[in-house]
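Undergrad: Here it is: the structure, laid out below.
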Amino acid sequence: MKTDVIVVSSRGRQMAVALNQVDKVAAYKELTNRSALHLRLLTEEMMGLMRSITGETEGRFWIEDQDGVYELHLAVTTNMDSGKRDRLLSAASSGKNESAKGLMGRIRDFFDRSADEDVASLSSPLILPGAYDRSSTPALDWEWSMVRYEEALTHCVEENQDGAVQAWDELEKSVVAHVADDVKVSIRGRTVELTILKQLD
C-alpha cells in the first residue's frame with residue numbers, strides 16, 4: 001500500500017495533514033497502540049527535520065507498507081546552492097546553523113548541502129568508510145544507511161578514531177536510532193530522500 005503524497009513545507013504547511021495521515025494508516029491497518037505511537041513518533045522526527053532545513057523548501061511525504069514493514073518517505077528537491085545558504089546563515093546571529101546536532105541534525109546537513117557539494121567531502125561524522133555507497137542502482141547517485149553507519153562507527157570507536165565516541169553518543173541519544181529499524185538517505189540528482197523503515201505489528 002502507498003498513501004497519497006502530501007506536500008509539506010519547511011515552514012510547517014501541511015505537517016498536521018501528514019501526521020493525520022499517519023493516524024489514519026495506523027487505524028486502517030489496526031496497529032497496536034504501541035506501533036501506532038512508534039509510527040507517529042518517527043513521523044514527528046521527520047517533520048522536525050523538515051522544519052530545520054535551511055530556507056523555504058517543500059518536500060513530498062508518503063507512507064508505504066509491505067509485509068508489516070512500514071516506510072516513511074520524505075523527498076526534497078534541493079534548491080540551495082552555497083551562495084544562498086551562506087547568505088541565509090549569515091543573517092543568523094551566530095552565522096552558522098546551530099541545529100546541526102545529533103543524528104537528525106547531521107542528516108539535515110545533507111538536505112542543505114548535498115546538491116552543490118560532493119557528499120564524500122562533507123564535514124560530518126556521518127561520512128565514514130562503509131557508511132555510504134556510490135550506488136549501482138539506476139538513477140541513484142548515493143545512499144547512506146544507519147545500519148551501515150552503526151557498523152562503521154563501531155569499528156571507528158574500537159580504533160579510537162577522533163570524533164568516534166562523540167558520534168556514537170549522538171547515535172545512542174537519537175530517538176530515531178532507538179525506534180527505527182533503519183534510516184536511509186539517498187540522492188538522485190538534486191533530490192534528497194529520507195526513508196525511515198520500521199517493522200510493526
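Rule-based calculations on the coordinates, nothing more; no lab input. Quick caveat, the model's predicted, so the values are computed rather than measured. We place every Cβ from the backbone using ideal geometry, glycine too, and count neighbours over all the protein chains shown.
Undergrad: Suppose each label sits 7 Å from its Cα in the direction of the beta carbon; what would the VAL17-ARG34 distance come out to in nanometres?
TA: 3.4 nm
Undergrad: Rounded to two decimals, what is the ratio between the C-alpha radius of gyration of the stretch 151-201 and 2.2 N^0.38 Å?
TA: Numbers: Rg = 13.8 Å, N = 51, 2.2 N^0.38 = 9.8 Å.
Rg over 2.2 N^0.38 Å, computed on Cα atoms: 1.41.
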